[in-house]
1. Kindly state which helices (runs of 4 or more DSSP H) lie completely within segment B:222-304 and contain at least 3 residues that are farther than 27 Å from A:Asp415 by Cα and of a type in the set (Ser, Thr, Tyr).
2. Residues that are modelled with pLDDT of 95 or more and assigned to a loop (DSSP other than H, G, I, E, B): does segment C:338-360 have at least one?
3. In the list C:Arg31, C:Arg82, C:Arg58, which residue meets the criterion of being within 9 Å of chain A (Cβ to nearest Cβ) and out of contact with any Lys or Arg (no Cβ under 9 Å at 6 or more places or on another chain)?
4. If I filter segment A:96-105 for residues that are more than 24 Å from A:Ile168 (Cα to Cα) and open to solvent by less than 10 Å² (accessible area, probe 1.4 Å), do I get at least one hit?
5. When A:Ile350 is evaluated against the numbered criteria (1) under 22 Å from A:Phe73 (Cα atoms); (2) more than 20 Å from the chain's Cα centre (by Cα), which criterion, by number, is the only one it fails?
6. Quick check on C:Phe79: is it assigned to a helix (DSSP H, G or I) and of a type in the set (Phe, Trp, Tyr)?
7. Being at pLDDT 95 or above, touching a Cys at 6+ places or on another chain (Cβ under 6 Å) and crowded, with 24+ Cβ neighbours inside 10 Å narrows it down to one residue among C:Thr286, C:Thr253, C:Thr260; which is it?
8. If you check B:Ala264 against the conditions, is it more than 11 Å from chain A (Cβ to nearest Cβ), within 21 Å of the chain's Cα centre (by Cα) and on the phi < 0 side of the Ramachandran plot?
Amino acid sequence: MEKNTNIRVSLPAVCIVWQISMIILFGIFIRYDAESDAHWLEKKPKNISAIENDFYFRYPSFQDVHVMVFVGFGFLMTFLKRYSFGGVGFNFLIAAFGLQWALLMQGWFHHLGDDGKISINVYSMINADFCVAGCLIAYGALLGKVSPVQLMVLTLFGVTLFAVEEYIILNLIYAKDAGGSMVIHTFGAYYGLAISWMLYRPNLDQSSRLQGSVYHSDVFAMIGTLFLWMFWPSFNSAITEHGDGQHRAAINTYLSLASTVLTAVAVSSVFQKHGKLDMVHIQNATLAGGVAVGTAAEFMLMPYGSLIVGFCCGILSTLGYIYITPFLEKHLKIQDTCGIHNLHAMPGVIGGIVGAITAAAASESVYGTEGIKLFKFPPAQQGGHQAGALCVALCFGIGGGILVGAILRLPIWGDPADDNCFDDESYWEVRVFSSLHWKRTLNPCAILDDPPLTLTCYSYHDKGG
Amino acid sequence: MEKNTNIRVSLPAVCIVWQISMIILFGIFIRYDAESDAHWLEKKPKNISAIENDFYFRYPSFQDVHVMVFVGFGFLMTFLKRYSFGGVGFNFLIAAFGLQWALLMQGWFHHLGDDGKISINVYSMINADFCVAGCLIAYGALLGKVSPVQLMVLTLFGVTLFAVEEYIILNLIYAKDAGGSMVIHTFGAYYGLAISWMLYRPNLDQSSRLQGSVYHSDVFAMIGTLFLWMFWPSFNSAITEHGDGQHRAAINTYLSLASTVLTAVAVSSVFQKHGKLDMVHIQNATLAGGVAVGTAAEFMLMPYGSLIVGFCCGILSTLGYIYITPFLEKHLKIQDTCGIHNLHAMPGVIGGIVGAITAAAASESVYGTEGIKLFKFPPAQQGGHQAGALCVALCFGIGGGILVGAILRLPIWGDPADDNCFDDESYWEVRVFSSLHWKRTLNPCAILDDPPLTLTCYSYHDKGG
Amino acid sequence: MEKNTNIRVSLPAVCIVWQISMIILFGIFIRYDAESDAHWLEKKPKNISAIENDFYFRYPSFQDVHVMVFVGFGFLMTFLKRYSFGGVGFNFLIAAFGLQWALLMQGWFHHLGDDGKISINVYSMINADFCVAGCLIAYGALLGKVSPVQLMVLTLFGVTLFAVEEYIILNLIYAKDAGGSMVIHTFGAYYGLAISWMLYRPNLDQSSRLQGSVYHSDVFAMIGTLFLWMFWPSFNSAITEHGDGQHRAAINTYLSLASTVLTAVAVSSVFQKHGKLDMVHIQNATLAGGVAVGTAAEFMLMPYGSLIVGFCCGILSTLGYIYITPFLEKHLKIQDTCGIHNLHAMPGVIGGIVGAITAAAASESVYGTEGIKLFKFPPAQQGGHQAGALCVALCFGIGGGILVGAILRLPIWGDPADDNCFDDESYWEVRVFSSLHWKRTLNPCAILDDPPLTLTCYSYHDKGG
């Protein structure tokens, strides 16, 4: 049965109406903060020079995070043979919307001045990108199975939930979470998995011919992998306090990720015939160490501690791709296209646990009398707060996902039929395909389960027949 | 009729002779400036430390701009099915030449010392990259229809014109143009369009089989799109004064671009059957907001103002791709391969107008007594100067383009015949194609209008026949 | 004869055991340095603020170098039609291992404290990436002909040799080598060439059908080229002293690379029929100027001097691809897949010589009384030391390569047979290929020497036959 994927009214309507709402809300609420306002020149302290504007100490990190959000996540999702446009294109769309909404939501919770205005600066931009990352993770579970309108709804609610959850974790519970193992990854992944569970498609195997990759789509995905991998130290250090904490967060993440690569390769090889490597593992599991070191990145985790975290996550994440993803689909009815359970959910939870343990084990001898002030509470108590924060992230993710999933089940969103998933033709003008009309019935090549992208024979027979 | 595309003499001659000229002129004129000269250590003020060298506050922006020029523009032009080498490769060639010539031209106008020497530093490198960007925009209109020798000529004259125009706008008219809406985009786009008008090819439809994209070439182009989109905040803030202005320019550009994505998607969807998106719009129109906010990026445009600019440009630019580009080709004899009229020309003009209006509306209450000194003149007068600058950019673009177009019409440059455009085989060793000689007559697949890149059938029949 | 490429035991074993060793050694030796330790807050001088942490002045350069190592080298090696996974994937693996080992090896030689601990910071991370780059260069010569286990061994020994060689050159001979023309490029290239000589395969032409590129693999390789080209100024300036030297190193590299592009294009064009360009030259020879300016980048080479260096190297490197690579294979039995002899070996040696000459020609009038202290010795003597350093790099490269090559000849590493080289199927699950089993005998298309990646006919006949 062909479902109606016509989004010619709904998508433009959502984009235009929501963008106009953003303009109105920005007009009412959003202003430049002191350092980005033209009054800074006269109001800044006299002993501060222009080059001490925080812009110079945050902007390089911001750009790295920005690349991760748009190129990293975007290209990581181009791996499907015929859903590369949707992977990178819808990622682009929802990130561009989400960051605006995030500036508002996070602003209301964190940066609302006495005058009722939200002040934004480069720090807000990093946080908005972080918030968006949560929704992009959720998109990974749903890749190829939802319409762009559904993704916009997912993002609207996702950013809202994120901002509340983040406020509770950082400002009420006083947990630390520099790289967002809990706030971003755990929340985002369970949010996406819960939605995927709500949108379960029992006949998804009808589009199994499109569920794999082709050679070059795997190379495209490596662009995403590598930009995520390289810039993850910036991600985990972008919003920490200036000084040694930021420096340490970069080092810890760098080391954890290096370690993950080796164990991901090892497990990928040992579980396959002749020890051949699987591109899916290399593209994804190599990143798990960055997720898992997120909470504790700024702590005194020690270099070897970072290596251990990465070591374990590389193994666990790769095993997840081999065993857990099929299990989730078969027994729990959770279809997880990109395997975000292995890349974000499990490592995120581990990251939260590592953070709780290392916070609980903190001592003045290791951190110094000044350094220990990183934590609001004494070590044991701080550890408890960290563990509590992890529960909050889990609850918001699962609860929010079920709620939003229920909304997305309404038959109004233009989502594709089961045999039409993972196919860019649903939402994109794909010139070659369209012009040939995929005449499978007339075409001797059509007995293929797995039609290749380049249609030499097809087109020949079409024209000659 | 097959034209002679042999450039075995002309291209090497141009490259070698011009490069030797560069060496001689650099030997005569170019020196390190104070901060990059080894005497800095003893000459710098005592209270300045090594880390206050301007290198540290400009270089990250420079690298972002550098990526935009080489990867951004380069990959954006890989979208054609068989002109990806020419897109990224000639972009590389002319940018590498242009930046050298720009250092000289801009140096003579802006940085000539009393000793007759030009001092260069990281700031000069950013400006040289900016200057090159103007020529790369012009290349977009001509993509696939000119020889690399013509592109070198285009760049030589383009950089020269740019430097004069920039001098008039910034140093004689005292207009502000941080992100170059007028100086770079308006000039570059009309320069390219005027050349394209001069080089009009009435029979270009003879190579229409090659004028489209294939699936993976569209994904390559998204690399260019995203790197341009992500780093545009750096572009618009790279050469502003340090401090709040630079900070604000980044925020405004970030917001304007986000807004553009939503309206470009909306218009793309609403004008197509079933609301399907067109990759051409996503690749290009999503960037229009960055162009249009260029002039006013450092002004107190306000966050909602940036969103409004992006909103309008996303709509206008996408409509341009749907209606104006075909109109220009049919009625004005302007063939614009990449649609630079929609991405650079119109948004550039809008950017100039927005700049003039916001400058005219500036007030001390908004900018503060120090901040208002950003402008040389009182608001109303500054607005007039801004408008005048826009006219200068337009005149230089159109006039210069007609002049250079006339030169490029000479039959000595090795440009391709009408049925040979958009084909890398003219100027590149393309191994697969060459080895098969495209034996269309012998080949049953050859009745195809649209020969795919991968030549399975072809090669089979060639060998077997 | 099919060799056994089963690495299901050896690769996982090497990865796991070595990674555990890293954890143990890091636990014993590696600590945060003062600026990344939580005690910094209380121990730092009072007049130093948090934003003066060296992190802020090294980290942007580090990230650029990081991109060069993983995306630059990785994607440059995707050019082969069926070895893109191996190119980017094994590059990823050995870089991730190498950087850990480099932190240890370089730490023991350079940063060992009185307490027997190695202190690491962002500076160490840059140096570790540099060290890894040497091994990745060596991989270029061996691309497609070795197993990942062999690459791990190559990296283990390569990093070890590198650290010793670097210590001799920088700390015993007191030569300067900011961008590593000698330490990284000369060493790395001759190390790889010597190994390739030891592993000579007389019947490599049996896999000649796979030794070329396809259209899109060449575009992928341009991603690598451009990121190397753009960020090379960061590479050559990343570890110089803060101040004018770092600024100057970036300018010199920027100029040298620009010049190289023009001469590489010129030579590529003049040596081919109809002046057509060869993608191999554009991908590789355009980078030679960055290598050759490495040693002298921080010296007062002068802008025109940089252009001259780039000019010569562009010509020489392209000629190398045309004449020297075939000569080396035919007469010296050195098979150099990526042509590292032309991109790294020759330009590296030139870089060492340029460094020696410019150091010997240094004078107080050019450098100033403070600036001249850049050099440990008086000019003439310093020139001699520079020349000596070049010899050390050559000896370590060739000697080390012969030694390691002998180890890699042992028949235990799972390397591919001669007719199986350059084929990702040996070490990767390549879905399309595998599922069809490459049934050449049953397939009328199979008479092709050059099977294309997309297997339309193949698969049709397989299924229908």
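The values are calculated or read from the model by the stated rules, or taken from the named source; none is laboratory data. Note that the coordinates shown come from a computational prediction; the quantities given were computed from them, not determined experimentally. Note that each Cβ is placed from the backbone with ideal geometry, even for glycine, and that neighbours are counted across all protein chains shown. All accessible areas refer to the heavy atoms of the entire protein, side chains included, with ligands and DNA or RNA removed. Shrake-Rupley method; radii C 1.70, N 1.55, O 1.52, S 1.80 Å.
1. Per the criteria, B:244-270.
2. yes
3. Values: C:Arg31 fails: out of contact with any Lys or Arg (no Cβ under 9 Å at 6 or more places or on another chain); C:Arg58 fails: within 9 Å of chain A (Cβ to nearest Cβ).
Just one listed residue meets the conditions, C:Arg82.
4. In the first step, residues of segment A:96-105 are kept if they are more than 24 Å from A:Ile168 (Cα to Cα); the result is A:96.
Adding the requirement that they be open to solvent by less than 10 Å² (accessible area, probe 1.4 Å) leaves A:96.
Yes.
5. Checking A:Ile350 against (1) under 22 Å from A:Phe73 (Cα atoms); (2) more than 20 Å from the chain's Cα centre (by Cα), the one that fails is (2).
6. no
7. C:Thr260 is the lone residue from the list that is at pLDDT 95 or above, touching a Cys at 6+ places or on another chain (Cβ under 6 Å) and crowded, with 24+ Cβ neighbours inside 10 Å.
8. Taking the combined requirement at face value, the residue does not satisfy it.
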